[in-house]
Amino acid sequence: MNLHAFFDSIKPDDGVGFASVPGGKATLYGTLYGAFTQSYLKQITQLSPETLHFILDCQDPETGFFKGPELVGNALNDIHDQEHLLFHLTCTALPALAQFDAKPRYPLRFAHPFCELEYLQQWLDQRDWKKAWLEGNNLLFVGQLLVYLRDIEQHPGAEKALEHWFLWLDKQVDPATGLWGSNGYCSKFDAMCGGYHQLLVYYYENRKVQYPKALVDTVLALQHLDGGFSPSGGGEIGRASCRERVSSPV
């Protein structure tokens, strides 16, 4: 299937946005990733007005969360609750809009409390390194949001809160691996699957990474003969990308 045929297969009948699966209805995730893909492949340089409105219409004016139609009635589980899904989808929407020089309509009010150091510290204290692979997502959400609040909304306290976020992570890192949670809480593999998330914020901010040699050695030692990192074989794109990310200059 060529690219044009693929994008045609996930375009809804009304032509607005993209579905997550061929023949489906438009979803926010499908639309965002479809737009990203087309941009990276240099097929488009801007969003159509209809697609942009579809994305912006998914933002809740009171909280600032982006909530796509795919989250309505979504079956939750004990790991990914509604708040986690909303953070994930919102943190996907922000860079997609930025890719096309667009901005949300409303402030991210749900994220403003993270600019208060007491609130942020209480939230950080609740992180569970036994689930480092999950906490990596949560920490990326907050780090990304603090960068956004500092640079786009210029919200008071965002810069200090981001520095607090970094200092806390610097103290939590395992010197033996350069990762988080591997010091008695989780496996090195789980620490790797979680750690590369917060490292994105380190690299974006040109922040010095703690124990870079141990970090690279630990991750490369986890690679399998097939080139992937997944214990089940074959690897996963997200996990395999760790090698590229931690092998970058630090």
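Seen from all sides and averaged, what is the projected area of the convex hull of the Cα atoms in the stretch 1-131, in nm²? That works out to 10.0 nm².
Viscosity 0.890 mPa s, temperature 25 °C: Stokes-Einstein D of the chain from its Kirkwood Cα radius, in µm² per second?
125 µm²/s
One decimal place: the segment Glu163-Ser9 gains 51.0 nm when fully extended, by the rule 0.36 nm per residue minus the C-alpha distance. Counting only protein heavy atoms and using a 1.4 Å probe, the accessible area of His84 comes to about 20 Å². Taking θ as phi - 60° and the Karplus parameters 6.51, -1.76 and 1.60, the scalar couplings of the stretch 11-20 work out to 8, x, 4, 7, x, 9, x, 9, 8, 7 Hz in sequence order, x denoting glycine and proline. Reported value for the stretch 119-171: 68 Å³ per residue, from the convex hull of its C-alpha atoms.
About the centre of its Cα atoms, the stretch 89-136 shows a dipole size close to 200 debye [charges on the beta carbon of Lys, Arg (+1) and Asp, Glu (-1) only; nearest 20 debye]. Its residues counted as N, the stretch 179-218 yields a C-alpha radius of gyration over 2.2 N^0.38 Å of 1.14. Along the stretch 136-142 the Karplus relation, 6.51 cos²θ - 1.76 cosθ + 1.60 evaluated at θ = phi - 60°, assigns HN-Hα couplings of x, 4, 4, 5, 4, 3, 5 Hz to successive residues, with x for each Gly and Pro. Computed from Cα positions, the angle between helix 237-246 and the longest principal axis of the chain comes to roughly 50 degrees. Within the straight-line cut-off of under 27 Å between alpha carbons, the lysines reachable from Lys130 are Lys171, Lys188, Lys208, Lys213, sequence neighbours fewer than 8 places apart in one chain being disregarded.
To test your reading of the geometry: what angle, between 0 and 90 degrees and rounded to tens, separates the Cα axis of helix 28-40 from the longest principal axis of the chain? The answer is roughly 80 degrees.
Pair-distance distribution P(r) for the stretch 9-66, from all Cα-Cα distances in 10 Å bins starting at 0: 25, 51, 22, 2 percent. Globularity index of the stretch 143-229 is 1.22 (Cα radius of gyration / 2.2 N^0.38 Å, N = number of residues). With the largest listed first and rounded to whole Å, the semi-axes of the equivalent ellipsoid of the stretch 108-148 from the Cα gyration tensor are 19, 13, 6. Distant-in-sequence amide contacts of Ala19, defined by a placed amide H-H separation under 5 Å and a gap of 5 or more residues or a different chain, comprise Lys11, Thr27. Can you give me the angle between helix 158-172 and the longest principal axis of the chain, using Cα atoms only, in degrees from 0 to 90, rounded to the nearest 10? Relative to the chain, helix 158-172 is tipped by roughly 40 degrees. A cut-off of 5 Å between modelled amide H atoms, ignoring neighbours fewer than 5 places along the same chain, links Ser230 with Gly235, Glu236. Note on Lys67: lysines with a C-alpha under 28 Å away, same-chain residues under 8 apart excluded, are Lys11, Lys25, Lys42, Lys103, Lys131.
Here Lys188 sits with roughly 110 square angstrom of accessible surface, probe radius 1.4 Å. Could you tell me the center-to-center distance, by alpha carbons, between the stretch 1-50 and the stretch 126-152 in angstrom? Using only Cα atoms to place each centre, the spacing works out to 28 Å.
The values are calculated or read from the model by the stated rules, or taken from the named source; none is laboratory data. Model, not experiment: these values are computed from the prediction. Ideal geometry is used to build each Cβ from the backbone, glycine not excepted, and the neighbour counts take in all protein chains shown. Accessible surface is based on the protein model in full, side chains and every heavy atom, while ligands, DNA and RNA are left aside. Shrake-Rupley method; radii C 1.70, N 1.55, O 1.52, S 1.80 Å.
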